[in-house]
Number of protein chains: 2
Amino acid sequence: MFFSIGNFSKITGLSIDTLRYYEKEKLIVPERDSHNQRRYTEKDKTWIDFILRLKETAMPIREIRKYAKLRYEGDQTMKERLEMLRLHRQSILEQKKILEDNLKHLDRKIETYEKEMLSRIK
Amino acid sequence: MFFSIGNFSKITGLSIDTLRYYEKEKLIVPERDSHNQRRYTEKDKTWIDFILRLKETAMPIREIRKYAKLRYEGDQTMKERLEMLRLHRQSILEQKKILEDNLKHLDRKIETYEKEMLSRIK
DNA sequence: ATTTGACATGGAGTAGACTCCAGCATCTAC
DNA sequence: GTAGATGCTGGAGTCTACTCCATGTCAAAT
(Lines give C-alpha, C1' and ligand atoms only; values in the text may rest on other atoms or scores of the structure.)
Protein backbone atom coordinates (compact mmCIF):
# COMPACT_ATOMS: atom_id res chain seq x y z
CA MET A 1 0.00 0.00 0.00
CA PHE A 2 1.20 3.47 -0.90
CA PHE A 3 0.17 6.94 0.15
CA SER A 4 0.26 10.05 -1.97
CA ILE A 5 1.71 13.08 -0.24
CA GLY A 6 -1.82 14.36 0.33
CA ASN A 7 -2.93 11.19 2.08
CA PHE A 8 0.30 10.87 3.98
CA SER A 9 -0.19 14.44 5.12
CA LYS A 10 -3.60 13.49 6.48
CA ILE A 11 -2.49 10.38 8.32
CA THR A 12 0.59 12.02 9.83
CA GLY A 13 -0.97 15.37 10.62
CA LEU A 14 1.96 17.11 8.95
CA SER A 15 1.31 19.60 6.18
CA ILE A 16 2.33 18.75 2.64
CA ASP A 17 4.85 21.55 2.76
CA THR A 18 6.34 20.18 5.95
CA LEU A 19 6.68 16.74 4.38
CA ARG A 20 8.50 18.24 1.42
CA TYR A 21 10.64 20.28 3.78
CA TYR A 22 11.55 17.13 5.72
CA GLU A 23 12.50 15.51 2.46
CA LYS A 24 14.70 18.45 1.52
CA GLU A 25 16.34 18.04 4.91
CA LYS A 26 16.73 14.33 4.20
CA LEU A 27 14.71 13.17 7.18
CA ILE A 28 12.35 11.07 5.10
CA VAL A 29 12.90 10.40 1.43
CA PRO A 30 10.03 8.44 -0.16
CA GLU A 31 10.18 6.58 -3.46
CA ARG A 32 8.71 8.16 -6.59
CA ASP A 33 6.24 6.63 -9.02
CA SER A 34 6.50 6.75 -12.81
CA HIS A 35 5.19 10.31 -12.75
CA ASN A 36 7.73 11.48 -10.23
CA GLN A 37 5.13 11.66 -7.48
CA ARG A 38 6.01 10.66 -3.96
CA ARG A 39 4.85 7.23 -2.74
CA TYR A 40 4.98 6.92 1.02
CA THR A 41 4.76 3.43 2.50
CA GLU A 42 3.71 1.89 5.81
CA LYS A 43 7.38 1.84 6.72
CA ASP A 44 7.54 5.55 6.09
CA LYS A 45 4.65 5.93 8.51
CA THR A 46 6.52 4.03 11.21
CA TRP A 47 9.61 6.08 10.50
CA ILE A 48 7.87 9.44 10.62
CA ASP A 49 6.18 8.49 13.88
CA PHE A 50 9.61 7.99 15.32
CA ILE A 51 10.83 11.26 13.84
CA LEU A 52 7.92 12.98 15.55
CA ARG A 53 8.90 11.40 18.85
CA LEU A 54 12.41 12.72 18.41
CA LYS A 55 10.99 16.16 17.71
CA GLU A 56 8.72 15.99 20.74
CA THR A 57 11.77 15.35 22.83
CA ALA A 58 13.52 18.41 21.44
CA MET A 59 15.91 16.84 18.98
CA PRO A 60 16.81 19.44 16.36
CA ILE A 61 16.33 18.58 12.69
CA ARG A 62 20.09 18.67 12.14
CA GLU A 63 20.45 15.79 14.59
CA ILE A 64 17.48 13.83 13.29
CA ARG A 65 19.07 14.11 9.86
CA LYS A 66 22.24 12.51 11.24
CA TYR A 67 20.20 9.63 12.58
CA ALA A 68 18.23 9.38 9.32
CA LYS A 69 21.45 9.20 7.34
CA LEU A 70 22.67 6.27 9.41
CA ARG A 71 19.33 4.57 9.12
CA TYR A 72 19.25 4.91 5.35
CA GLU A 73 22.78 3.49 5.24
CA GLY A 74 21.51 0.19 6.62
CA ASP A 75 22.19 -2.35 9.31
CA GLN A 76 25.91 -1.82 9.71
CA THR A 77 25.20 1.58 11.33
CA MET A 78 23.13 0.03 14.10
CA LYS A 79 25.75 0.40 16.77
CA GLU A 80 26.17 4.07 16.02
CA ARG A 81 22.43 4.64 16.06
CA LEU A 82 22.12 2.81 19.35
CA GLU A 83 24.75 5.14 20.75
CA MET A 84 22.75 8.16 19.58
CA LEU A 85 19.60 6.77 21.16
CA ARG A 86 21.37 6.22 24.47
CA LEU A 87 22.61 9.79 24.45
CA HIS A 88 19.18 11.06 23.58
CA ARG A 89 17.74 9.05 26.43
CA GLN A 90 19.98 11.01 28.77
CA SER A 91 18.78 14.24 27.28
CA ILE A 92 15.17 13.24 27.91
CA LEU A 93 15.99 12.44 31.52
CA GLU A 94 17.52 15.89 31.87
CA GLN A 95 14.52 17.56 30.32
CA LYS A 96 12.30 15.67 32.74
CA LYS A 97 14.39 16.75 35.66
CA ILE A 98 14.18 20.39 34.62
CA LEU A 99 10.40 20.15 34.28
CA GLU A 100 10.05 18.48 37.65
CA ASP A 101 12.20 21.05 39.36
CA ASN A 102 10.21 23.86 37.80
CA LEU A 103 6.94 22.20 38.64
CA LYS A 104 7.95 21.98 42.28
CA HIS A 105 8.91 25.64 42.28
CA LEU A 106 5.70 26.65 40.53
CA ASP A 107 3.62 24.69 43.01
CA ARG A 108 5.22 26.57 45.87
CA LYS A 109 4.58 29.86 44.11
CA ILE A 110 0.94 28.98 43.49
CA GLU A 111 0.53 28.11 47.15
CA THR A 112 2.03 31.41 48.21
CA TYR A 113 -0.30 33.24 45.86
CA GLU A 114 -3.30 31.36 47.21
CA LYS A 115 -2.41 32.19 50.81
CA GLU A 116 -1.89 35.79 49.82
CA MET A 117 -5.30 35.89 48.15
CA LEU A 118 -6.95 34.45 51.24
CA SER A 119 -5.33 36.90 53.62
CA ARG A 120 -6.48 39.67 51.32
CA ILE A 121 -10.12 38.64 51.61
CA LYS A 122 -10.05 38.71 55.39
CA MET B 1 22.23 47.49 45.75
CA PHE B 2 22.10 47.95 42.02
CA PHE B 3 23.59 46.13 39.08
CA SER B 4 24.72 47.65 35.83
CA ILE B 5 23.61 45.75 32.75
CA GLY B 6 27.11 44.25 32.49
CA ASN B 7 27.00 42.90 36.01
CA PHE B 8 23.43 41.77 35.70
CA SER B 9 24.39 39.95 32.55
CA LYS B 10 27.07 38.12 34.50
CA ILE B 11 24.86 37.10 37.41
CA THR B 12 21.97 35.99 35.22
CA GLY B 13 24.00 34.32 32.50
CA LEU B 14 22.03 36.23 29.87
CA SER B 15 23.86 38.32 27.32
CA ILE B 16 23.58 42.10 27.46
CA ASP B 17 21.81 42.02 24.14
CA THR B 18 19.30 39.51 25.44
CA LEU B 19 18.57 41.68 28.47
CA ARG B 20 17.94 44.66 26.23
CA TYR B 21 15.79 42.48 24.00
CA TYR B 22 13.75 41.34 27.01
CA GLU B 23 13.29 44.95 27.95
CA LYS B 24 12.09 45.82 24.46
CA GLU B 25 9.62 42.95 24.81
CA LYS B 26 8.61 44.37 28.20
CA LEU B 27 9.53 41.27 30.17
CA ILE B 28 11.80 43.14 32.54
CA VAL B 29 12.05 46.92 32.63
CA PRO B 30 14.70 48.17 35.06
CA GLU B 31 14.94 51.70 36.42
CA ARG B 32 17.44 54.15 34.93
CA ASP B 33 20.03 56.26 36.72
CA SER B 34 20.74 59.95 36.09
CA HIS B 35 22.76 58.99 33.02
CA ASN B 36 19.98 56.89 31.56
CA GLN B 37 21.82 53.69 32.36
CA ARG B 38 19.90 50.64 33.52
CA ARG B 39 19.97 49.82 37.24
CA TYR B 40 18.84 46.28 37.96
CA THR B 41 17.87 45.41 41.53
CA GLU B 42 17.73 42.27 43.66
CA LYS B 43 14.04 42.16 42.87
CA ASP B 44 14.88 42.16 39.20
CA LYS B 45 17.11 39.16 39.86
CA THR B 46 14.26 37.26 41.51
CA TRP B 47 11.98 38.24 38.68
CA ILE B 48 14.33 37.19 35.92
CA ASP B 49 14.93 33.87 37.64
CA PHE B 50 11.21 33.27 37.40
CA ILE B 51 11.15 34.37 33.77
CA LEU B 52 13.86 31.82 33.06
CA ARG B 53 11.78 29.12 34.71
CA LEU B 54 8.85 30.04 32.51
CA LYS B 55 11.15 29.84 29.49
CA GLU B 56 12.51 26.47 30.59
CA THR B 57 8.96 25.21 30.66
CA ALA B 58 8.31 26.37 27.11
CA MET B 59 6.32 29.51 27.74
CA PRO B 60 6.70 31.77 24.71
CA ILE B 61 7.87 35.35 25.20
CA ARG B 62 4.46 36.66 24.10
CA GLU B 63 2.89 34.86 27.05
CA ILE B 64 5.57 35.85 29.53
CA ARG B 65 4.97 39.44 28.46
CA LYS B 66 1.29 39.05 29.35
CA TYR B 67 2.27 37.84 32.80
CA ALA B 68 4.86 40.60 33.16
CA LYS B 69 2.28 43.21 32.26
CA LEU B 70 -0.05 41.99 35.01
CA ARG B 71 2.80 41.86 37.46
CA TYR B 72 3.87 45.42 36.70
CA GLU B 73 0.25 46.51 37.16
CA GLY B 74 0.38 45.52 40.80
CA ASP B 75 -1.48 43.50 43.42
CA GLN B 76 -4.95 43.79 41.97
CA THR B 77 -3.92 41.49 39.11
CA MET B 78 -3.00 38.66 41.43
CA LYS B 79 -6.05 36.57 40.73
CA GLU B 80 -5.46 36.73 37.02
CA ARG B 81 -1.80 35.82 37.43
CA LEU B 82 -2.71 32.92 39.66
CA GLU B 83 -5.03 31.71 36.92
CA MET B 84 -2.18 31.90 34.39
CA LEU B 85 0.08 29.96 36.71
CA ARG B 86 -2.52 27.24 37.19
CA LEU B 87 -2.90 26.89 33.43
CA HIS B 88 0.83 26.80 33.00
CA ARG B 89 1.05 24.10 35.62
CA GLN B 90 -1.23 21.98 33.47
CA SER B 91 1.00 22.60 30.47
CA ILE B 92 4.02 21.40 32.44
CA LEU B 93 2.17 18.23 33.42
CA GLU B 94 1.38 17.62 29.78
CA GLN B 95 4.96 18.19 28.73
CA LYS B 96 6.04 15.73 31.39
CA LYS B 97 3.57 13.17 30.18
CA ILE B 98 4.83 13.49 26.63
CA LEU B 99 8.41 13.06 27.76
CA GLU B 100 7.54 10.03 29.85
CA ASP B 101 5.64 8.42 27.05
CA ASN B 102 8.49 9.01 24.65
CA LEU B 103 11.02 7.75 27.16
CA LYS B 104 9.12 4.52 27.55
CA HIS B 105 8.97 4.09 23.81
CA LEU B 106 12.65 4.90 23.41
CA ASP B 107 13.58 2.40 26.09
CA ARG B 108 11.74 -0.33 24.24
CA LYS B 109 13.48 0.65 21.04
CA ILE B 110 16.88 0.62 22.70
CA GLU B 111 16.15 -2.84 24.06
CA THR B 112 15.17 -4.10 20.63
CA TYR B 113 18.35 -2.68 19.18
CA GLU B 114 20.44 -4.30 21.89
CA LYS B 115 18.89 -7.70 21.30
CA GLU B 116 19.38 -7.29 17.57
CA MET B 117 23.05 -6.42 18.11
CA LEU B 118 23.53 -9.49 20.28
CA SER B 119 21.91 -11.85 17.81
CA ARG B 120 24.15 -10.40 15.14
CA ILE B 121 27.31 -11.29 17.06
CA LYS B 122 26.25 -14.88 17.44
C1' DA C 1 43.66 66.00 26.75
C1' DT C 2 43.01 61.80 24.95
C1' DT C 3 42.38 56.96 25.26
C1' DT C 4 39.74 53.24 27.23
C1' DG C 5 35.78 50.95 28.82
C1' DA C 6 31.05 50.49 29.83
C1' DC C 7 26.82 51.99 28.50
C1' DA C 8 23.07 53.90 25.17
C1' DT C 9 19.99 53.59 20.70
C1' DG C 10 18.07 52.06 16.27
C1' DG C 11 18.20 48.96 13.01
C1' DA C 12 20.04 45.04 10.37
C1' DG C 13 21.21 40.16 10.33
C1' DT C 14 20.84 35.14 11.71
C1' DA C 15 19.20 30.31 12.70
C1' DG C 16 15.67 27.09 12.89
C1' DA C 17 11.52 25.35 11.34
C1' DC C 18 8.39 25.87 8.70
C1' DT C 19 4.81 28.15 5.14
C1' DC C 20 3.44 30.19 0.93
C1' DC C 21 3.55 31.09 -3.94
C1' DA C 22 4.23 31.12 -9.12
C1' DG C 23 4.36 28.35 -12.89
C1' DC C 24 3.92 23.94 -14.84
C1' DA C 25 2.34 18.71 -15.43
C1' DT C 26 -1.11 15.12 -15.03
C1' DC C 27 -5.44 12.80 -14.09
C1' DT C 28 -10.47 12.64 -13.46
C1' DA C 29 -15.09 14.21 -14.09
C1' DC C 30 -18.46 16.44 -16.67
C1' DG D 1 -11.96 19.37 -24.29
C1' DT D 2 -12.05 22.12 -20.46
C1' DA D 3 -12.36 22.71 -15.27
C1' DG D 4 -10.83 21.20 -10.94
C1' DA D 5 -8.05 18.57 -7.97
C1' DT D 6 -3.61 17.00 -7.01
C1' DG D 7 1.07 16.84 -7.66
C1' DC D 8 5.92 18.86 -8.94
C1' DT D 9 9.97 22.45 -8.33
C1' DG D 10 12.57 26.51 -6.88
C1' DG D 11 12.58 30.19 -4.32
C1' DA D 12 10.67 33.82 -1.36
C1' DG D 13 8.47 34.96 2.98
C1' DT D 14 7.29 34.38 8.08
C1' DC D 15 7.85 33.84 12.98
C1' DT D 16 10.52 33.44 17.17
C1' DA D 17 14.23 34.52 19.80
C1' DC D 18 17.92 36.28 19.75
C1' DT D 19 22.69 38.53 18.07
C1' DC D 20 25.47 41.92 15.85
C1' DC D 21 26.75 46.50 14.38
C1' DA D 22 27.41 51.60 13.68
C1' DT D 23 27.33 55.55 16.04
C1' DG D 24 27.28 58.25 20.08
C1' DT D 25 27.66 59.60 25.39
C1' DC D 26 30.07 59.74 29.60
C1' DA D 27 33.52 58.89 33.44
C1' DA D 28 37.91 57.23 34.97
C1' DA D 29 42.77 56.38 34.05
C1' DT D 30 47.15 57.86 31.95
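The values are calculated or read from the model by the stated rules, or taken from the named source; none is laboratory data. This one's a predicted model, so the numbers in the text were calculated from it and none came from an experiment. Note that we place each Cβ from the backbone using ideal geometry, even for glycine, and neighbour counts take in every protein chain shown.
Data for the structure
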item	result
B:E23 being away from chain A (no Cβ under 14 Å) and away from DNA strand C (no atom under 14 Å from the Cβ)	no
Conditions (1) more than 9 Å from every other protein chain (Cβ to nearest Cβ); (2) without any contact (Cβ under 8 Å) to a residue 12 or more places away in the chain: number failed by A:N102	(1)
Selection count where residues are facing chain B (nearest Cβ under 7 Å) and in contact (Cβ under 8 Å) with a residue 24 or more places away in the chain, scope the stretch A:89-99	2
Condition check for A:K55: among the basic types (K, R), over 17 Å from the mean Cα position of the chain (by Cα) and closer than 21 Å to B:L106 by Cα	no
Neighbours by Cβ (under 8 Å, 6+ apart or cross-chain): first from the stretch A:105-119, of a type in the set (A, V, I, L, M); second not in a helix (DSSP H, G or I)	A:L106/B:T57
The stretch B:36-47: number of residues that are closer than 23 Å to B:E63 by Cα and either within 8 Å of DNA strand C (Cβ to nearest atom) or out of contact with any helix residue (DSSP H, G or I) (no Cβ under 9 Å at 6 or more places or on another chain) (or both)	2
Complete set of residues in the stretch A:1-35 that are loosely packed, with under 14 Cβ neighbours inside 10 Å, touching a helix residue (DSSP H, G or I) at 6+ places or on another chain (Cβ under 9 Å) and in a loop (DSSP other than H, G, I, E, B)	A:M1, A:G13, A:S15
Cβ-Cβ under 6 Å pairs, at least 6 apart or on other chains, the stretch A:1-30 side closer than 17 Å to A:A68 by Cβ, far side of a type in the set (V, I, T) and within 14 Å of DNA strand C (Cβ to nearest atom)	A:T12/A:I48; A:L19/A:I5; A:Y22/A:I28; A:E25/A:I61; A:L27/A:I51; A:L27/A:I64; A:I28/A:I48
Residues located in the stretch B:36-48, provided they are surrounded by fewer than 15 Cβ atoms within 10 Å (Cβ to Cβ), under 19 Å from B:K69 (Cβ atoms) and either within 12 Å of chain A (Cβ to nearest Cβ) or within 15 Å of DNA strand D (Cβ to nearest atom) (or both)	B:T46
Test: A:E80 is within 12 Å of another protein chain (Cβ to nearest Cβ), surrounded by fewer than 17 Cβ atoms within 10 Å (Cβ to Cβ), under 30 Å from B:M59 (Cα atoms) and of a type in the set (D, E)	no
Unique residue being more than 24 Å from A:E94 (Cα to Cα), at pLDDT 95 or above and not hydroxyl-bearing (S, T, Y) when the list is B:E111, B:E94, B:E100, B:E73	B:E73
Residues satisfying the stated conditions in the stretch A:58-69, i.e. farther than 14 Å from B:K109 by Cβ, away from DNA strand D (no atom under 15 Å from the Cβ) and surrounded by 12 or more Cβ atoms within 10 Å (Cβ to Cβ)	A:E63, A:I64, A:R65, A:K66, A:A68, A:K69
Residue list for the stretch A:60-83, filter: in a helix (DSSP H, G or I), away from DNA strand C (no atom under 16 Å from the Cβ) and without any contact (Cβ under 8 Å) to a residue 24 or more places away in the chain	A:L70, A:E73, A:D75, A:Q76, A:T77, A:M78, A:K79, A:E80, A:R81, A:L82, A:E83
